[in-house]
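Chemist: Structure provided below as structure tokens; questions to follow.
The values are calculated or read from the model by the stated rules, or taken from the named source; none is laboratory data. If you're wondering where the values come from, they're calculated on a predicted model, not measured in any experiment. Note: ideal-geometry Cβ built from the backbone for every residue, glycine included; neighbour counts use all protein chains shown.
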Amino acid sequence: MFNLISGNWAGHPLDSYQTMLNYIRTTTSTTGFSCQTDLNTTVYETGITAPLEAVEQLCLRPHRRFPKWNYTLYPRPNNYGN
């Protein structure tokens, strides 16, 4: 959807969050798909890291190009055979 959003706001100044949100909300695909968006103004604490045990439990598959930055996150297998 990002390519459609980029095309929608191309050549227009993104001078405020409201302007940007409006372009995102008014972008639609030829099949009628559209995005919903809200501005998250929460201030998050920086410097927080996940415990190593939690990171090791993630099912990450690194991509060939820039594997530290590009990866796919998969659901963990459960105990029900899925």
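Chemist: Restricting attention to the range 34-50, report how many residues are of a type in the set (S, T, N, Q), in contact with a helix residue (DSSP H, G or I) (Cβ under 8 Å, 6 or more places away or on another chain) and in a loop (DSSP other than H, G, I, E, B).
Modeler: Final tally of qualifying residues: 2.
Chemist: Would you be able to say whether some residue in the range 23-43 is surrounded by 10 or more Cβ atoms within 10 Å (Cβ to Cβ), without any contact (Cβ under 8 Å) to a residue 12 or more places away in the chain and under 30 Å from L4 (Cα atoms)?
Modeler: Checked the range 23-43: at least one residue is surrounded by 10 or more Cβ atoms within 10 Å (Cβ to Cβ), without any contact (Cβ under 8 Å) to a residue 12 or more places away in the chain and under 30 Å from L4 (Cα atoms).
Chemist: Do you know which of the residues in the range 51-68 that are surrounded by fewer than 10 Cβ atoms within 10 Å (Cβ to Cβ), part of a loop (DSSP other than H, G, I, E, B) and at pLDDT 90 or above is farthest from the chain's Cα centre (by Cα)?
Modeler: P51
Chemist: Could you tell me whether any residue of the range 10-29 is over 20 Å from the mean Cα position of the chain (by Cα), modelled with pLDDT under 95 and part of a helix (DSSP H, G or I)?
Modeler: No, the range 10-29 contains no residue that is over 20 Å from the mean Cα position of the chain (by Cα), modelled with pLDDT under 95 and part of a helix (DSSP H, G or I).
Chemist: Give the range 44-82 a look and list any residue that's of a type in the set (S, T, N, Q) and in contact (Cβ under 8 Å) with a residue 12 or more places away in the chain, or say none.
Modeler: Once the filter is applied, which keeps residues that are of a type in the set (S, T, N, Q) and in contact (Cβ under 8 Å) with a residue 12 or more places away in the chain, the range 44-82 yields Q57, T72.
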